[in-house]
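The values are calculated or read from the model by the stated rules, or taken from the named source; none is laboratory data. Bear in mind the structure is a predicted one, so any value in this text is a computation, not a measurement. Reconstructed Cβ throughout: ideal geometry from the backbone, glycine too, with neighbour counts over all protein chains shown.
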Amino acid sequence: MSEEVAPRDPRVRLIDATVKLLAEDGPSAIKARSIAAEAGVSTMVVYHHFGGIPELVGAVIDHGFTGLERAFASLPATEDPVADLFTMALAVREIARANPHLYDLMFGLSTRATYRPAPDEAIRRSGHSEAFRAAYAHLTAACQRLVDSDEIGTYDARTVAAGLWSTTHGYISLELADHFLEFDDPVRSIMLPTGVVFTVGLGGDPGRVRASFDEAMRRHAASVR
C-alpha cells in the first residue's frame, strides 16, 4: 500500500494560489472566491486562516520577500564585493521577471488600496515586515563588506545599500514597464553601466569596477544555464 501524502497547510495553498493568480491575471485576480477556487477550498477558509484579503496579501508579500532572502542566501560571499552586489541585483531582476505582478505587490507598485494590510505597530513604525528585513540584511551585509574592503570612499554601509537598492529597483521597474524595448540587451546597455557609474561615484576604481561587473555577468550566465 502506498503512503498517503498529507494535504498541504491551507495557508500555504492559499498563498500559492494567490501567487499563481497574480502571475496569470495580475492584481485584479485578488478576490477571495477566485483564490479559494484555485486552492480547492471554500471561500470561508480564506477568512478562517487569514481574517480577510488584506491579511492574505500581507502573507503573499512576505512570501515574496522570503523567496528573495533565500535567493540572496544562496549566493556566496567572495573576495570581490562589487561583483557580489551586482550578482544580487541580477538575482532581484530574475525574481521580478518571473512574476512581475508579485514584484509590483512587494514594492507597492500595483494598485491595491482595497487590500492594503493593517500592520502591527512595530511594522508600521519601521515600514517593513520581518521578511523584508531578513532579505535586506543580506544586502546591508554585502555593502558592509564593500565598505570594509577599502574599494570605495568612506561611506556608511546603510547609505550604500539604500542607494544600490534604489538604483536596482528603479531600473527593474522601468524594464518591466517596457521602457527599454529599443535595446537588444538592456542589462548590458543600461543596468550594468548604471551600476558602474554608481560604484565609481562612491570612489571605486573604474577599471576594477568594470571587471567586477563583468565577473558578475559571468556568474549570472552560469547560474541560469
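Some points to look at:
- Among the criteria (1) surrounded by fewer than 16 Cβ atoms within 10 Å (Cβ to Cβ); (2) within 30 Å of Gly195 (Cα to Cα), the one Asp62 does not fulfil is (1).
- Criterion violated by Ala77 - all others in (1) small (Gly, Ala, Ser); (2) modelled with pLDDT of 90 or more; (3) assigned to a helix (DSSP H, G or I) satisfied: (3)
- Residue that is surrounded by the most Cβ atoms within 10 Å (Cβ to Cβ) [pool: residues in the range 28-56 that are touching a Lys or Arg at 6+ places or on another chain (Cβ under 8 Å) and farther than 20 Å from His101 by Cα]: Phe50
- Residues being of a type in the set (Lys, Arg) and part of a helix (DSSP H, G or I) - total across the range 21-50: 1
- Here Arg145 fulfils each of the conditions (1) modelled with pLDDT of 95 or more; (2) farther than 22 Å from Ser74 by Cα; (3) in contact with a helix residue (DSSP H, G or I) (Cβ under 6 Å, 6 or more places away or on another chain); (4) crowded, with 16+ Cβ neighbours inside 10 Å apart from (2).
Table: residues versus (1) in contact with a helix residue (DSSP H, G or I) (Cβ under 8 Å, 6 or more places away or on another chain); (2) within 22 Å of Thr66 (Cα to Cα).
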position: Arg133; (1), (2): yes, yes
position: Leu139; (1), (2): yes, yes
position: Tyr155; (1), (2): yes, no
position: Leu164; (1), (2): yes, yes
position: Ala177; (1), (2): no, no
position: Thr194; (1), (2): yes, no
position: Gly203; (1), (2): no, no
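- Within the range 23-42, residues that are closer than 14 Å to Leu105 by Cβ sit with their Cβ atoms under 6 Å from residues that are not aliphatic (A, V, I, L, M), at 6+ positions apart or across chains, in these pairs: Ala23/Asn99; Gly26/His101; Pro27/Ser110; Pro27/Arg112; Ile30/Tyr115; Ile35/Thr18.
- Answer residue from the range 6-20, given it is of a type in the set (D, E, K, R) and not in a helix (DSSP H, G or I) and is modelled with the highest pLDDT among those: Asp9
- Residue check, Asp214 among the charged types (D, E, K, R), out of contact with any helix residue (DSSP H, G or I) (no Cβ under 9 Å at 6 or more places or on another chain) and farther than 24 Å from Met106 by Cβ: no
- Note on the range 80-103: residues that are in a helix (DSSP H, G or I) and farther than 27 Å from Val196 by Cβ amount to 2.
- The range 193-225, subset under 19 Å from Ala162 (Cβ atoms) and polar (S, T, N, Q), residue surrounded by the fewest Cβ atoms within 10 Å (Cβ to Cβ): Thr194
- Residue under evaluation Asp80, criteria (1) over 20 Å from the mean Cα position of the chain (by Cα); (2) acidic (Asp, Glu); (3) farther than 30 Å from Ala142 by Cα, criterion not met: (3)
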